[in-house]
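A quick write-up on the structure given underneath.
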Amino acid sequence: MADWTVTLPDSVHEGDPDHPGIHTTEIAAIKEIRALVNSGALNGEKGAKGDTGPAGPKGDTGPAGADGAPSQADWDALVSRVAALEGAS
């Protein structure tokens, strides 16, 4: 585990005479934790890879797909959009 350099007080109460000092200490502790997280120092050693689980059951066959060719109306709409885009440039 990490060795902490910032010591936080056991308890803090609103209005404590050293409230600004405690706040500064908390900020330092947060920065220390962030640095340790970013460096990976809080991570343990990586364990061994687990066994592969069993294969799941095969899914049901889906419905047949529609014919791959577009309808004449869809084709004409596509040709119109392409012509409009080519004319816009």
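Given (1) within 27 Å of the chain's Cα centre (by Cα); (2) not in a loop (DSSP other than H, G, I, E, B), where does Ala48 come up short, assuming only one miss?
(2)
Taking only the stretch 41-60 into account, find how many residues are among the hydrophobic types (A, V, I, L, M, F, W, C) and open to solvent by 90 Å² or more (accessible area, probe 1.4 Å). Outline the logic, then answer.
Start the filter on the stretch 41-60 by keeping residues that are among the hydrophobic types (A, V, I, L, M, F, W, C), which leaves 41-42, 48, 55.
Next, from what is left, pick out any that are open to solvent by 90 Å² or more (accessible area, probe 1.4 Å): 48, 55.
Selection size over the stretch 41-60: 2.
List every residue pair whose Cβ atoms lie under 7 Å apart, where the two residues are 6 or more positions apart in sequence or sit on different chains, the first residue falls within the stretch 1-23 and is over 30 Å from Gly44 (Cβ atoms), and the second residue, located anywhere, is part of a loop (DSSP other than H, G, I, E, B).
These pairs meet every condition: Ile22/Pro9; Ile22/Val12; Ile22/Asp16.
Looking only at the stretch 25-40, decide whether some residue is at pLDDT 90 or above, loosely packed, with under 10 Cβ neighbours inside 10 Å and part of a loop (DSSP other than H, G, I, E, B).
Looking for residues that are at pLDDT 90 or above, loosely packed, with under 10 Cβ neighbours inside 10 Å and part of a loop (DSSP other than H, G, I, E, B), one finds none in the stretch 25-40, hence no.
Pick from Ala64, Ala73, Ala55: which is part of a helix (DSSP H, G or I) and either over 30 Å from Asp3 (Cα atoms) or touching a helix residue (DSSP H, G or I) at 6+ places or on another chain (Cβ under 7 Å) (or both)?
Sole residue among the options that is part of a helix (DSSP H, G or I) and either over 30 Å from Asp3 (Cα atoms) or touching a helix residue (DSSP H, G or I) at 6+ places or on another chain (Cβ under 7 Å) (or both): Ala73.
The values are calculated or read from the model by the stated rules, or taken from the named source; none is laboratory data. Owing to the predicted nature of the structure, the values given are computational and were not obtained by experimental measurement. With ideal geometry, Cβ positions are generated from the backbone for all residues, glycine too; neighbour counts draw on all protein chains shown. These accessible areas exclude ligands, DNA and RNA; they are computed on the full protein's heavy atoms, side chains included. Shrake-Rupley method; radii C 1.70, N 1.55, O 1.52, S 1.80 Å.
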